[in-house]
Amino acid sequence: MVLGVPTGTAVALFVMVALPIATLVLYWIDRTTNDGYVSVLGRR
Amino acid sequence: MVSTIQLTFGAYLLVLLAIGAYFFVTTETNRLSEYLLADRDVGAWPVAISEVSSVASGWTFFAWVGMGFLTGIHGLWFSITMIFIIVFMYRYVGSRFRRQSEQLGSITIADHLSLAVEDARLSTYVRVVATVSILLFMGAYVGAQIIAVGEAMDTGIGIDYAVAIAVGGVIVGLYTMLGGFNASIWTDVFQGVLIFVAAVTLPVLMIAEIGGWSAFVTEAAAVEDAALLEMSAGLAGQAFLLSALGLVTFAFGTIGQPHSLMRLQAIRSERLLSPASVISVSFQSLRLTVPLLIGAAGRVLYGSVDNPENVAMMAIVDFFPELIAGVLLAAIVSAILSTSDSMLLVASSDFTRFYEEKIDPNASSARLILLGRGTVGVLALGGVALAFVQPGTIFEIIEFAYVGLGATFGLPLLFMLFWERTTGEAVLTGIVTGLVATFGAGWITPEHYSLFVWPICIAAIVGVTFATSGTGSDVADVPEPGAGDASPADD
């Protein structure tokens, strides 16, 4: 029981928080490896 | 007697009109691409925030709050699916779509599908069916937003529902007619910030009123006839599967929302897609989670209410001082108006392009912009009329339009961009099937129609592609990267 809610709910809430962070990491990878162009998923 | 809430609200509407008037006076909206796409010169922040603001609509503060009130956190099945699709759209579809859009000179999605089909006769059919679909689904969507405006003003501000929807319709119609895409995108930015404040503050106050997070969790778990904090919503077996799949397939509509796709077309450079995705996903995560909590907290606080979709409005009036409540209600109504203006604009764009391409190719830009503005006015009136009739809840109308637009436009677009074998005949079939299947399945199985629309449409596109393979009409190729993109210095 995380936050006092059922495990499935806690996982879903975690995903909703983690996805923005994941896109931020992808953006950092784009900037450092591909001049800002999308480089992971849909490489140009 | 005019209350503080009404005064604050009125002042906000004046600001909105002033923005429309500012762009009408200061920018020369005499070229169609400038009126509609702000000359493909929009930065990452305005694109992402305006997209969030334009989808954060009657949906966020009404339909999704109602969902939270009735089934609690169960709506996250939709939210998670939608966020993954947004990432897919920005990171995978965006660059190909923008590149092809620039090459074809397309302004809207209907325009894009029509221009991409190389056979002239098929291209005309695509444009006609796509324009009809846009007008039907967007008309319904705008109607749902105007109902939400009416409910917000009625419940929150104490203005009669009929007066409220008339005022809302006039304001949104007027400033979209005046300022075009520039006005629309900048009012969206302004409103996006207000929504953020409203979305963060309200649940905190509501949960604090209950006694803090632990008290909220305990009391929410104790609510009878609902499992507010469970992803299953207390359902099991087939009932759970149908409900969760219904939400997941509803979220698939994200692939084909014309007003969101238009922003991918308008972005200044492909290099801005990655940062725009971060902003968009962040705001979307917030607005797809928080209203569910507001709804669940509302269930704990209010027990039973006449209309669960009005819980956020009730809470704003109950938990904030009048002045702040006025600003927050203005923020919510403005979000709804911004959704409506994007929709009106996209629908009017398609009608204008249809006129330009098929009826009077020599029409002057001034005439086309006048026609665009006229269409906005007529559609706004149609939306007001629908709001008077109120054929369903806000949630039901939005779901119908969302799934319909996704199937009608999203699927043919994705097939065209990612499957080289797709033929013009398959694109046309996809659009027609999307339109017919949404209305047909919605009529036959109103509870579960989103489950059926997607497989039917995919089967139709794939089937016709194979059937016309070798003999069918070609569709435009996706251009190679590099050509026509803005240089890094322009970002």
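The set of residues from the range A:2-31 being among the charged types (D, E, K, R) and facing chain B (nearest Cβ under 7 Å) comprises just one member, A:ASP30.
When B:ALA401 is tested against (1) crowded, with 18+ Cβ neighbours inside 10 Å; (2) in contact (Cβ under 8 Å) with a residue 24 or more places away in the chain; (3) farther than 13 Å from B:ALA144 by Cα, only condition (3) is not met. Does B:GLY392 satisfy being assigned to a loop (DSSP other than H, G, I, E, B) and under 19 Å from the mean Cα position of the chain (by Cα)? Here the answer is yes, as B:GLY392 does meet what is asked.
The set of residues in the range B:401-419 being out of contact with any Ser or Thr (no Cβ under 7 Å at 6 or more places or on another chain), in a helix (DSSP H, G or I) and not small (Gly, Ala, Ser) consists of B:TYR402, B:LEU405, B:PHE409, B:LEU411, B:PRO412, B:LEU413, B:LEU414, B:LEU417, B:PHE418. Scanning the range B:104-132 for residues being polar (S, T, N, Q) and under 14 Å from B:LEU264 (Cα atoms) gives a total of 2.
None of B:GLU219, B:GLU224 is assigned to a helix (DSSP H, G or I) and acidic (Asp, Glu) except B:GLU219. Restricting the range B:355-372 to residues that are in contact with a Leu (Cβ under 8 Å, 6 or more places away or on another chain) and not aliphatic (A, V, I, L, M) leaves a set whose member that is surrounded by the fewest Cβ atoms within 10 Å (Cβ to Cβ) is B:SER365.
Quick grid of which residues meet (1) away from chain A (no Cβ under 11 Å); (2) more than 20 Å from B:GLY404 (Cβ to Cβ); (3) surrounded by fewer than 18 Cβ atoms within 10 Å (Cβ to Cβ); (4) out of contact with any Cys (no Cβ under 8 Å at 6 or more places or on another chain):
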site: B:ILE207; (1), (2), (3), (4): yes, yes, no, yes
site: B:VAL223; (1), (2), (3), (4): yes, yes, yes, yes
site: B:MET231; (1), (2), (3), (4): no, yes, no, yes
site: B:GLN238; (1), (2), (3), (4): yes, yes, yes, yes
site: B:LEU247; (1), (2), (3), (4): yes, no, no, yes
site: B:THR254; (1), (2), (3), (4): yes, no, no, yes
site: B:ILE267; (1), (2), (3), (4): yes, yes, no, yes
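When you scan the range B:292-301, do you find a residue that is over 30 Å from A:GLY36 (Cα atoms), within 14 Å of chain A (Cβ to nearest Cβ) and without any contact (Cβ under 8 Å) to a residue 60 or more places away in the chain, even just one? No, there is no match, as no residue in the range B:292-301 is over 30 Å from A:GLY36 (Cα atoms), within 14 Å of chain A (Cβ to nearest Cβ) and without any contact (Cβ under 8 Å) to a residue 60 or more places away in the chain.
Tell me the helices (runs of 4 or more DSSP H) entirely within the range B:255-365 that contain at least 1 residues that are hydroxyl-bearing (Ser, Thr, Tyr) and under 21 Å from the mean Cα position of the chain (by Cα). Write out each step before concluding.
Numbers: elements: B:258-266, B:273-302, B:311-319, B:322-354.
Here the list reads B:258-266, B:273-302, B:322-354.
Within the range B:420-434, identify whether any single residue is free of Cβ contacts under 8 Å to residues at least 24 places away in the same chain, surrounded by 15 or more Cβ atoms within 10 Å (Cβ to Cβ), assigned to a helix (DSSP H, G or I) and not aromatic (Phe, Trp, Tyr), and answer yes or no.
Going through the range B:420-434, the residues free of Cβ contacts under 8 Å to residues at least 24 places away in the same chain turn out to be none.
So far as the range B:420-434 goes, no, none of its residues is free of Cβ contacts under 8 Å to residues at least 24 places away in the same chain, surrounded by 15 or more Cβ atoms within 10 Å (Cβ to Cβ), assigned to a helix (DSSP H, G or I) and not aromatic (Phe, Trp, Tyr).
No lab work stands behind these numbers, since they all come straight from the coordinates. Everything quoted here is computed from the prediction, not taken from an experiment. Cβ sites come from the backbone with ideal geometry, for glycine too, and all protein chains shown count toward neighbours.
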